[in-house]
Amino acid sequence: MNGIQTISAETRMWSVTSLISAGLPKPALVGWAARTTAEYAVDKFAIWKPMADDDRDAAIKHLSGIRYQLSGKAAARGTDVHKAAEKINLGLPPSHDEALQPYVDQYLKFLAEHAPKFIMAEAPVYSLKYHYAGTLDAIVEIDGRVCVMDVKTTDRGPDSPKARPPYPEVALQLCAYARAEHVGLGPAQQQYSGNRRYYVLPLDAPTEPMPEVSGALVLVVSPEDYQLVPVRIDDEVWKAFLAVREVARFQLDIANRVLGPSVEVAA
């Protein structure tokens, strides 16, 4: 660390995950949404069929939203596991729903087997140069290497026939975090534009320089196992992130300004 710095003007920056979501095609996600909706329609026919008989539009809306309910549950589970892990890292007794205990047990196993030294956790990071921000899960030292680490959860065990994390785009996320210039010393201020998140870095917000890291890791925790997977964050991945960022910038900003008014036919 080179000491505390302050920001000279309020700055708004898109979140790294919003940039990746807007700028990276996800054909597998389309397939997942279609399959999830179809499975629910078959398995829960008795639930939505009376609804359709009474109000077709309501049934369509219900079925269309199923994928968001499932992804919301997964996101909530991930948040709860992160909270439990943070308490454990701080030496506090975790308090969590009993259903999360298998995830917590696997996280404790990771700690026992790898003995990571936490340099920082749940820290907001900012790139004023490239105008993005995010909240990294941790910077850890393991086996003498300092790495930025992300924690993912999944309900699928190691023998599941379906895909589970980590997915390749985590490299973009961790590369962006590793190359941010600033670490915020206060709580992150997050706001939304539609369903896209951005960060607000207030005037005179105290920050420190981002620690130098030599690599990246993703920790995947399921009820049955954990995996610690190295992730590339080299120049090739960085160039890919910048390209994704430019596509996202078009989607989130430029696209709103490229079409003019209709040309009127002269009388």
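No value in this document is a laboratory result; all are computed from the given coordinates. If you're wondering where the values come from, they're calculated on a predicted model, not measured in any experiment. Positions of Cβ are backbone-derived with ideal geometry, glycine not excepted, and every protein chain shown enters the neighbour counts.
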State, to one decimal in nm, how far the label point of residue 51 lies from the label point of residue 129, with both points 7 Å from Cα in the Cβ direction.
5.0 nm
What distance in nm separates the simple spin-label points at residue 42 and residue 160, each placed 7 Å from Cα in the Cβ direction?
1.9 nm
With R₀ set to 30 angstrom, the calculated FRET efficiency between the beta-carbons of residue 112 and residue 190, to the nearest 0.05, is 0.35
GluC sites (Glu not before Pro), restricted to the range 203-267: which are DSSP loop and have at most 12 other Cβ atoms within 10 Å?
212, 264
Stick to Cα atoms and the Kirkwood definition of Rh, then tell me Rg/Rh for the range 165-267.
1.13
How big is the dipole moment of the chain about its Cα centre under a simple scheme where the beta carbon of each Lys and Arg is +1, that of each Asp and Glu is -1, and everything else is neutral? Debye, nearest 20, please.
540 debye
Paired Rg and Dmax values of the range 115-217, which use every Cα atom, in angstrom:
15.2, 51
Förster-model FRET efficiency, 51 Å R0, residue 228 and residue 259, C-beta, rounded to 0.05:
0.60
Run through all the Cα pairs of the range 35-181 and give the fraction in each 10 Å bin from 0, expressed as whole percent.
9, 28, 29, 19, 11, 3, 0
What's log10 of I(q)/I(0) for the chain at q = 0.15 Å⁻¹, Debye sum over Cα points only, no solvent?
-1.23
In percent, how large is the relative contact order of the range 159-267, given Cα pairs closer than 8 Å and 6 or more residues apart?
27 percent
Where does the Debye-calculated log10 I(q)/I(0) of the range 81-121 sit at q = 0.21 Å⁻¹, using only Cα point scatterers of equal weight, no solvent?
-0.64
Just grab the label-to-label distance for residue 143 and residue 101, each label 7 Å out from Cα along the Cβ direction, in nm (one decimal).
3.3 nm
dims of the range 155-204, Cα set, principal axes, largest to smallest, nearest Å -> 50, 27, 17
Using amide H atoms built 1.01 Å from N in the peptide plane, name the residues 5+ places from residue 138, or on other chains, whose amide H lies under 5 Å from its own.
122, 149
Viscosity 0.890 mPa s, temperature 25 °C, Stokes-Einstein D of the range 92-162 from Kirkwood C-alpha radius, µm²/s:
167 µm²/s
Mean Cβ count within 10 Å, highest first, over the residues of peptides 60-69, 45-54, 195-204
195-204, 60-69, 45-54
With both bridge residues required to lie in the range 87-228, what share of the DSSP beta bridges run antiparallel, to the nearest 5%?
80 percent
Longer than 29 Å from Cα to Cα, which of 73/109; 44/83; 117/152; 73/239 are they? Say none if no pair is.
44/83; 73/239
Counting other C-beta atoms within 10 Å, which of 177, 40 has the fewest, and how do the rest follow?
40, 177
